[in-house]
1. Would it be correct to say that ALA299 is in contact with a strand residue (DSSP E or B) (Cβ under 7 Å, 6 or more places away or on another chain), assigned by TED's automatic domain parsing to the domain that holds LEU373 and at negative phi?
2. Of the conditions (1) at negative phi; (2) modelled with pLDDT under 95; (3) crowded, with 24+ Cβ neighbours inside 10 Å, ALA183 fails just one. Which one is it?
3. Can you spot a residue in the stretch 110-121 that is at pLDDT 95 or above, more than 14 Å from the chain's Cα centre (by Cα) and assigned by TED's automatic domain parsing to the domain that holds ALA465?
4. Let me confirm something: among PRO225, PRO270, which residue is in contact with a helix residue (DSSP H, G or I) (Cβ under 7 Å, 6 or more places away or on another chain), surrounded by fewer than 22 Cβ atoms within 10 Å (Cβ to Cβ), within 23 Å of ARG323 (Cα to Cα) and in the same structural domain as LEU313 (by TED's automatic domain parsing)?
5. I'm trying to understand the selection: among the residues of the stretch 250-306, which are within 17 Å of SER124 (Cβ to Cβ), in contact (Cβ under 8 Å) with a residue 40 or more places away in the chain and acidic (Asp, Glu)?
6. Would you check if there is a residue in the stretch 314-328 being assigned to a helix (DSSP H, G or I) and under 14 Å from the mean Cα position of the chain (by Cα)?
7. Using the structure shown, decide if ALA366 is surrounded by 22 or more Cβ atoms within 10 Å (Cβ to Cβ) and assigned by TED's automatic domain parsing to the domain that holds ALA228.
8. List the helices (runs of 4 or more DSSP H) that sit entirely inside the stretch 99-180 and contain at least 2 residues that are surrounded by fewer than 24 Cβ atoms within 10 Å (Cβ to Cβ).
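The values are calculated or read from the model by the stated rules, or taken from the named source; none is laboratory data. No experiment lies behind these values; they were computed from the predicted model shown. Here the Cβ is made from the backbone with ideal geometry for all residues, glycine too, and neighbour counts use every protein chain on show.
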Amino acid sequence: MTERDEPGVLAEPTNVDEPTDADVRTDGGSRPINVDESGNLGDVAFTEPAVGQSQDVDSPGADPTARPGVPEGVELDTPSYAIRSSMNDIDTPDAKTWFMELDEAVIEADRCIQCGTCVAACPSDSIGIGDDGKPELVKMCTGCSMCWDFCPRGGLRYERQWKITGGDDNVSGAGDPITEFSARVTEDWRRGAQDGGVVTSILSHLLDAGEIDGALVATESDEDPWKAESVLATTREELIESAGSFYNQTMALGTLDLSRWEHKLPDRDPADLSLAVVGTPCEIEGIRALQDFDWDLQAQEAGLQAVEYRIALMCTKNFNYQRLLGDELESKRGISPDEIGKMDVIEGEMRVYDEDLEPLLAEDVADFHDATLKGCDECADFTGYTADLTVGSVGSSDEFSSVIVRTERGLQAWELAEPDLEYHDLEDRSAIGKLQSWDKKQAFESLERPFDPDAPRFIEYADHAEWYETELNPHEADH
């Protein structure tokens, strides 16, 4: 055996003269060895395949057209196509969907609801949170389609997720709950909480019982008054400090990277951690859809899989922070964010109070339409169909919260807090049903696509582009 015949080293073609100076082209390359000076194609000889190094065509029964098998231990399934096939039970699509499509159809179209699902879904951590609070590409997109598939304003048919999570009856009224209450706590800190303070109480009892290691909630930014940001609360004191509602989104699902919170969490295997998340219905839809499948989501994976309790806050719309606090309240109405002690949207009004809870404003919430996130218009999920618990003010009297218990996990959380709650049967279920119906009507008028709880969970970009009249292949401009 010569050096050139050693395994792993390709043998040179035989019976071919070495290139001469005449074979060298002026562009720096050399003329193909089977082309003469006149450009005529000649014969070229090839060596036989090395035994054991490539397919041995002389082996009995060998099929030279068969592809070599996948080496042991090598996984060729991508975290996109295999998932898409199993998720939709449809044929794998021929084309990828890129972040540029999501940007074109949702973000640049001012339809983004800032839930952060796309950040959590990205298996290459290519999507981050920009200074404007919206998703942005921070490194090369691989075209895996995941950000598109799980966006509640993009590829996720959220109404299908309702039925997948809660069953066939979980699509009308307030859904198909286990039980419903009007409740409040009696502790002194309820004055700073929203309505009955029930969410804070439930989370506190989950922490005390060791059921969770922390809860992802909204808290006030240190830099901007009344601007919400996500925080992982791991003590009762932190929960009480974060009590109350804020009216801008926080890209919450984009903050589930446990390395961000490791200084606050127990030092144990992330797989053994348990979290609760309090969010808007669209955020809970995103969590549910992502948790239905098992894959590597890089930085967000451990945090996402640790979420065991999902609490939705009743919501018809959310707001852009600058447009609401800066333009509508401070510039137009002379109310500085520094003056505000509490905000609430109740009985169709935006209500603002000072630090002593004296009213500063009570005005029709429709007057603040210019400050809303436009993508909220397409949401029909006022009551959080995919949550374990839904909490809000509609349907209960002042200082009480309406609580909808939807799952066994939600019932477990309720029963932990029950001894410290003052509660009775839900006071006005019809009020919740009426607002849910109104919310759906608004969504039906805003949606450009069919609303169909029985259709596949995921919407192909090409179909969406046709319905919304967006560019079909915007990524080609950047590739």
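1. On the way: in contact with a strand residue (DSSP E or B) (Cβ under 7 Å, 6 or more places away or on another chain): no; assigned by TED's automatic domain parsing to the domain that holds LEU373: yes; at negative phi: yes.
Judged against the criteria, ALA299 is not a match.
2. With (1) at negative phi; (2) modelled with pLDDT under 95; (3) crowded, with 24+ Cβ neighbours inside 10 Å applied to ALA183, the lone miss is (2).
3. Within the stretch 110-121, one or more residues are at pLDDT 95 or above, more than 14 Å from the chain's Cα centre (by Cα) and assigned by TED's automatic domain parsing to the domain that holds ALA465.
4. Working: PRO270 fails: within 23 Å of ARG323 (Cα to Cα).
Result of the check over PRO225, PRO270: PRO225.
5. ASP257, ASP296
6. Quick first cut of the stretch 314-328, residues assigned to a helix (DSSP H, G or I) only: 321-328.
Now restrict to residues that are under 14 Å from the mean Cα position of the chain (by Cα): none.
Checked against the condition, which is being assigned to a helix (DSSP H, G or I) and under 14 Å from the mean Cα position of the chain (by Cα), the stretch 314-328 yields no hits at all.
7. Details: surrounded by 22 or more Cβ atoms within 10 Å (Cβ to Cβ): no; assigned by TED's automatic domain parsing to the domain that holds ALA228: yes.
Answer is no for this residue.
8. Details: elements: 99-102, 117-121, 146-150, 158-166.
Once the helices (runs of 4 or more DSSP H) in the stretch 99-180 are filtered for at least 2 residues that are surrounded by fewer than 24 Cβ atoms within 10 Å (Cβ to Cβ), what remains is 158-166.
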